[in-house]
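The block underneath contains the structure these notes are about, expressed in structure tokens.
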Amino acid sequence: MTPSRRQTRGRTTVLPRQVVAGAVPVALAALFAAAGPAAAGTIGASGAGDPYFPLAGNGGYDVRHYDLTLGYDPGSRHLDGQAVLRARATQRLTRFDLDLMGLEVTGVTVDHVKASFRRDGQELVVTPRQALRPGQDFRVAVGYQGTPNPVTDPDGSLDGWIPTDDGAFVAGEPQGAMTWFPVNGHPRDKASYDITITVPQGRTAVSNGVLVGQRTAHGHTTFHWRQSEPMAAYLATATVGTFEVEQFTTRDGIKVYNAVDPREASAAAPVLRQLPSVLDWASGLFGPYPFRAAGAVVDTAPNVGYALETQTRPVYDRAPGLSTLVHESAHQWFGDSVTLTRWQDIWLNEGFATYAEWLYSEQHGGETAQQAFDAQYARPATDRLWAFPPADPGSGAHLFDTPVYARGAMALHQLRKAVGDTTFRRILRTWAAEHRNGHGTTAGFIQLSERLSGQDLDALFHTWLATAGKPSAP
Ligand SMILES: [Zn+2]
């Protein structure tokens, strides 16, 4: 994600956490220990165990595939949905939850048998006729409809299905997926997707992955998208609008689909033209591009305030600058392919994507990463940058706050200086390769860095990731 105004994402003022000089930092091991969902009898937990978003995701099953069939009318803002989830029970389940906010559920079946359900806040509580056995594969179908509304995040910004004047801007980080489909809404549970969206003829519906079909009949056009590689739910999109579409295949065989709001077309064109070369550059540095599709959706969405790295095809609320394009492209490796396991580790996304901007600048005749580091380091100790350590934002309200981005990138720069350029590049590539289409943790990244460098890097990471306040001169 990139805030369009290049500062914190939220529009409400967040008070910086008190910075206590010389505060004793929490032990690294405790700070980076991942919590798991608690197994509770035969009832699936209502959350995935993430302290920042306790109700996000659910326990007791793993989703393998989502098949979403949607119809959206931008005029009335009415959404019709049918979601079919293929999942596997990880415990005996007499009952389980999906996340769904708002909308009316018209029916639920489990393995084609009608199931009973009730709503409880953002939880859709499903009781199948027959209990599910541990390891059992099952199919849940949910019919739903209504007017989707975005969710307001703890930082005050909007997330999810955000209506625009000609459709909807759909971006779900961290919790907005549940505003438009029933979901196991935590990044820990990645799945493949088929997303089919029908909109009035003349509008375009853009989602993730490859466009496998498009047909127009009776005044409506249906777009069928397929995301074959695993994807975290927050990276799904179904953005609808009036778009100019461009499609081509890169030399590496990546299918590119760009959709641009005509109002942004002239500003976006010179930047989008760079996309193939940016992906080439990033592949050279981070290893092969993780997906078979790429592209961009450039919308006119003045009430959004950010761009998001929706998988394969980032969504931009306005024509992006080149550094934003580089940022969202780097996320395809760091965040999308290698996904965080808990929201506290958000610097693994944003610190890496920010450092990619610094590297791109350095390797294209601009400011060096050292200069970017120095400019950040020059900020006074009272600056927002030092409000909290990047690996410990404290709550969901600070996920997209300055320290996560800039100080996260500074931590990587310190690592690079300690291990040297060659080893640093090996660490980034190995990180992307070993966790490709999977998950990573901060503790895992530290271990990898120590393994490949042969150095004890605890003190470095402790200082730059986990200690409150401005570190003394590096
Ligand atoms: Zn980002």
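Tally time: how many residues in region 67-94 are surrounded by fewer than 19 Cβ atoms within 10 Å (Cβ to Cβ) and not acidic (Asp, Glu)?
The total comes to 14.
Residue under question is LEU132, and the condition is that it be among the aliphatic types (A, V, I, L, M), buried (at least 22 other Cβ atoms within 10 Å of the Cβ) and under 25 Å from PRO174 (Cα atoms); does it hold?
Taking the combined requirement at face value, the residue does not satisfy it.
Checking PRO200 against (1) under 19 Å from ALA259 (Cα atoms); (2) crowded, with 18+ Cβ neighbours inside 10 Å: exactly one of these is not met. Which one?
PRO200 satisfies all of (1) under 19 Å from ALA259 (Cα atoms); (2) crowded, with 18+ Cβ neighbours inside 10 Å except (2).
If we scan region 227-239, do we find a residue that is over 30 Å from PRO54 (Cα atoms) and either within 17 Å of the chain's Cα centre (by Cα) or part of a helix (DSSP H, G or I) (or both)?
There is no residue in region 227-239 that is over 30 Å from PRO54 (Cα atoms) and either within 17 Å of the chain's Cα centre (by Cα) or part of a helix (DSSP H, G or I) (or both).
When residues of region 90-112 are filtered for being part of a strand (DSSP E or B) and within 20 Å of ARG64 (Cα to Cα), how many remain?
Residues in region 90-112 being part of a strand (DSSP E or B) and within 20 Å of ARG64 (Cα to Cα): 9 in total.
Of a type in the set (Asp, Glu), more than 19 Å from GLY146 (Cβ to Cβ) and outside any strand (DSSP E or B) - does that describe any residue in region 50-71?
Yes, there is a match, as at least one residue in region 50-71 is of a type in the set (Asp, Glu), more than 19 Å from GLY146 (Cβ to Cβ) and outside any strand (DSSP E or B).
Give region 349-363 a look and list any residue that's away from the ligand (no atom under 11 Å from the Cβ) and either touching a residue at least 60 places away in the same chain (Cβ under 8 Å) or of a type in the set (Asp, Glu) (or both), or say none.
Within region 349-363, LEU359, TYR360, GLU362, GLN363 meet the criteria.
What helices (runs of 4 or more DSSP H), lying completely within region 355-474, carry at least 3 residues that are at pLDDT 95 or above and surrounded by fewer than 16 Cβ atoms within 10 Å (Cβ to Cβ)?
369-377, 421-434
Of the residues SER329, SER323, which is surrounded by fewer than 21 Cβ atoms within 10 Å (Cβ to Cβ), within 16 Å of the ligand (Cβ to nearest atom) and of a type outside the set (D, E, K, R)?
After applying the criteria, what remains is SER323.
Working carefully through the options ARG313, ARG292, ARG342, find the one that is more than 17 Å from ALA267 (Cβ to Cβ) and within 16 Å of the ligand (Cβ to nearest atom).
Just one listed residue meets the conditions, ARG313.
The values are calculated or read from the model by the stated rules, or taken from the named source; none is laboratory data. Remember, predicted model here, so these are calculated numbers, not experimental data. Because the Cβ atoms are built from the backbone with ideal geometry, glycine has one as well, and the counts that use them run over all protein chains shown.
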